[in-house]
């Protein structure tokens, strides 16, 4: 399996060798690989059982949020603007403002 740019794993998982089914969230930062990230990698992560998969689309300032993993990828995909807060499934009380985070990094 291809490793994501950023991953959140279940508590107690050995960080040296994380089984894909232990990932709660996988994040790809996409500047030149958007199609590969939203098609090929989404299929791999979904089939592997990763609960939630995000693709940060740098060029279009969008976030592709994938949920409902299954054997062919993800059953639900939402494309959001960066300025819309997003709540990860593993911590729904946590609202992340991706736009603010990325502006601070530039």
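Structure summary
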{"read-out": "Those strands (runs of 3 or more DSSP E) lying entirely in the range 42-106 with at least 2 residues over 13 Å from the mean Cα position of the chain (by Cα) and surrounded by fewer than 16 Cβ atoms within 10 Å (Cβ to Cβ)", "value": "73-81"}
{"read-out": "Check on residue 35, out of contact with any strand residue (DSSP E or B) (no Cβ under 9 Å at 6 or more places or on another chain) and at pLDDT below 85", "value": "no"}
{"read-out": "Output for the range 69-101, where each listed residue is farther than 20 Å from residue 20 by Cα and touching a residue at least 40 places away in the same chain (Cβ under 8 Å)", "value": "98"}
{"read-out": "Within the range 1-32, tally of residues that are out of contact with any helix residue (DSSP H, G or I) (no Cβ under 6 Å at 6 or more places or on another chain) and modelled with pLDDT of 90 or more", "value": "4"}
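The values are calculated or read from the model by the stated rules, or taken from the named source; none is laboratory data. The structure presented is a predicted model; accordingly, all values stated were derived computationally and were not measured. No Cβ is skipped: glycine too gets one built from the backbone with ideal geometry, and neighbour counts run over all protein chains shown.
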